1. If you put +1 on each Lys and Arg Cβ and -1 on each Asp and Glu Cβ, how big is the dipole of the chain around its Cα centre, in Debye rounded to 20?
2. Which pairs break 21 Å Cα to Cα here: Lys34/Lys60; Lys3/Lys25; Lys60/Lys96?
3. Taking Cα centroids, how far is region 8-57 from region 107-121 in Å?
4. State which entries of Lys10/Lys106; Lys83/Lys106; Lys76/Lys104 exceed 26 angstrom in Cα-Cα distance in the structure shown.
5. If I build a Gaussian network model for the chain, linking alpha-carbon pairs within less than 10 angstrom, which residue out of Gly27, Gly82, Gly35 has the largest mean-square fluctuation?
6. When Rg is the radius of gyration of the Cα atoms in region 6-120 and Rh is its Kirkwood radius, what does Rg/Rh come to?
7. Positive end of the charge dipole of the chain (Lys, Arg +1 and Asp, Glu -1 on Cβ, about the Cα centre): tell me which of Ser13, Leu50, Ser90 has its Cα farthest that way.
8. Find, among the trypsin sites (Lys or Arg not before Pro) in region 54-121, those assigned to loop by DSSP (not H, G, I, E, B) with at most 14 other beta-carbon atoms within 10 angstrom.
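What follows is calculated from the coordinates using simple rules that are stated; it is not laboratory data. Note that this is a predicted model, so its numbers are computed, not measured. So basically every Cβ, Gly included, is an ideal-geometry build from the backbone, and we count neighbours across all protein chains shown.
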Amino acid sequence: MEKINDELKKAISDIKPSFVATARKDGQPNVSPKGSLRVFDDQHIVFADLRSPRTIENLKENPYVSIIALDPATRKGWRVWGKTVDIMTSGELFEKFSEEYAEKGKVNHVVKILVEEGLVF
């Protein structure tokens, strides 16, 4: 079942950075910018963690996320709600991100999110 339609795929590709909102189990929120976020398939998005220890800690306690991006010039944007399904520290996808971001820093994790709802505005 497709959760990420073509319009949302284009918006995610074109409008960066995105901002990933997470919360601890007790509700304490955190927001972290992500320039690496991209569509993985019709149901999942992924991003690399280079310097986001609080985001990862929160996702381990509470897998739910809200992600938003906005182009201030056009006032167009997108939003996604979803659930973390994998926090990777190895594997093919992890290696791909590690190679791509080698000059920017060490990739600590790659996070895969199941999109439950998404919209373009």
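1. 460 debye
2. Where the Cα-Cα span goes over 21 Å, the pairs concerned are Lys3/Lys25; Lys60/Lys96.
3. Comparing the Cα centres of region 8-57 and region 107-121, I get a distance of 6 Å.
4. Beyond 26 Å between Cα atoms: Lys10/Lys106; Lys76/Lys104.
5. Gly27
6. Ratio of gyration radius to Kirkwood radius: 0.95.
7. Of Ser13, Leu50, Ser90, it is Leu50.
8. Hits after loop and neighbour filter: Arg75, Lys104, Lys106.
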